[in-house]
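Asker: A single structure is presented below for examination.
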Amino acid sequence: MTTYHVTKQFGWAGPVSERVSRLARMFGLTLDRIAEAGPVHQCEVRIEPGDIVAITGPSGSGKSVLLREIEQRTPEAERINLDEIELPDDRTVIDCFDDNLVASLQLLTAAGMGAVYAMLTRPSVLSDGQKLRFRLARALASGRPFVFADEFCSNLDRITAVTTAFNAARFARRAGATLIVATSRDDILMDLAPDAIVTKDFASPARVVYKAARRS
């Protein structure tokens, strides 16, 4: 088990104009005080190998900040981010995997990409849901134990999102991978069934709730 202690503060660094100075004075603030009073993002979370962790909260609350900080504290050779996985335009989905054909079929089917026409399509022209599942398959095929995903399922309709979340969780657990996602969608949490939920709001430190069965 690894405990991550995250404290990240961003100071204000905007260009100083006459209007900015006037606005600050209207609220009794100095520019130095504004620069030192940026939001502080704090979190302490315990993650066991194979856990699924969901970082939730409203847009702009700092979910991506926490995800990034946890990712940076993970050895580079042990992590992969779904956003960094390319979507090739010069080959089909099935040609993006180095395993033998049967193993590739099993991997893609487990990721929810078992339809033959999906496997014969170029990744660049897949639907948003298929792109996410393709990237997840590539991530787990890499063998790296930590998989990170920002804005997880954010651009999917509800039915596709909950289906993708369920399949991603099942796929990650079968592979023994640790899946850490940031999402503003509470409607996928039941299907994702995370071992830890990190809830981030705008002001206070993040709140962490662990699944009792994994923490007893």
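The values are calculated or read from the model by the stated rules, or taken from the named source; none is laboratory data. Keep in mind that what you see is a predicted model, and the values were worked out from it rather than measured. Reconstructed Cβ throughout: ideal geometry from the backbone, glycine too, with neighbour counts over all protein chains shown.
Asker: Does Ser17 qualify as being polar (S, T, N, Q), over 15 Å from Val181 (Cβ atoms), at pLDDT below 95 and crowded, with 18+ Cβ neighbours inside 10 Å?
Answerer: no
Asker: Name the residue that is nearest to Glu48 (Cα to Cα), counting only residues in segment 59-114 that are in contact (Cβ under 8 Å) with a residue 60 or more places away in the chain, surrounded by 12 or more Cβ atoms within 10 Å (Cβ to Cβ) and of a type in the set (Asp, Glu).
Answerer: Here the residue is Glu71.
Asker: Only one residue in Leu23, Leu107, Leu31, Leu87 is modelled with pLDDT of 95 or more and out of contact with any strand residue (DSSP E or B) (no Cβ under 8 Å at 6 or more places or on another chain). Which one?
Answerer: On inspection, the qualifying residue turns out to be Leu87.
Asker: Answer yes or no: is there a residue in segment 139-147 that is farther than 18 Å from Ala110 by Cα and polar (S, T, N, Q).
Answerer: Within segment 139-147 (the criterion being farther than 18 Å from Ala110 by Cα and polar (S, T, N, Q)), the answer is no, since none of the residues qualifies.
Asker: Restricting to segment 141-167, name every residue that is aliphatic (A, V, I, L, M), out of contact with any strand residue (DSSP E or B) (no Cβ under 7 Å at 6 or more places or on another chain) and crowded, with 18+ Cβ neighbours inside 10 Å.
Answerer: Ala141, Leu156, Ala161, Val162, Ala165
Asker: Which of (1) surrounded by 11 or more Cβ atoms within 10 Å (Cβ to Cβ); (2) modelled with pLDDT of 85 or more; (3) in contact with an Asp or Glu (Cβ under 7 Å, 6 or more places away or on another chain) is the odd one out, the single condition Lys8 does not satisfy?
Answerer: Result: Lys8 fails condition (2) only.
Asker: Yes or no: segment 193-215 includes at least one residue that is closer than 24 Å to Gly129 by Cβ, in contact with a helix residue (DSSP H, G or I) (Cβ under 6 Å, 6 or more places away or on another chain) and part of a helix (DSSP H, G or I).
Answerer: No, the conditions are met nowhere in segment 193-215.
Asker: Here is a further query. How about segment 115-140: which of its residues are over 25 Å from Ile52 (Cα atoms) and surrounded by 14 or more Cβ atoms within 10 Å (Cβ to Cβ)?
Answerer: Passing the criteria: Ala118, Met119, Thr121, Arg122, Pro123, Leu126.
Asker: While we're looking at this one, here's another question. Out of everything in segment 111-162 that is among the small types (Gly, Ala, Ser), more than 20 Å from the chain's Cα centre (by Cα) and part of a helix (DSSP H, G or I), what residue ends up being modelled with the lowest pLDDT?
Answerer: Within segment 111-162, the match that is modelled with the lowest pLDDT is Ala118.
Asker: For the condition touching a Ser or Thr at 6+ places or on another chain (Cβ under 7 Å), at pLDDT 90 or above and not polar (S, T, N, Q), what is the one hit in Ile180, Ile197?
Answerer: Answer to the check: Ile197.
Asker: Separate question: When you check Asp201 against the structure, is it touching a residue at least 40 places away in the same chain (Cβ under 8 Å), of a type in the set (Asp, Glu) and in contact with a Lys or Arg (Cβ under 7 Å, 6 or more places away or on another chain), yes or no?
Answerer: Against the criterion (touching a residue at least 40 places away in the same chain (Cβ under 8 Å), of a type in the set (Asp, Glu) and in contact with a Lys or Arg (Cβ under 7 Å, 6 or more places away or on another chain)), Asp201 does not qualify.
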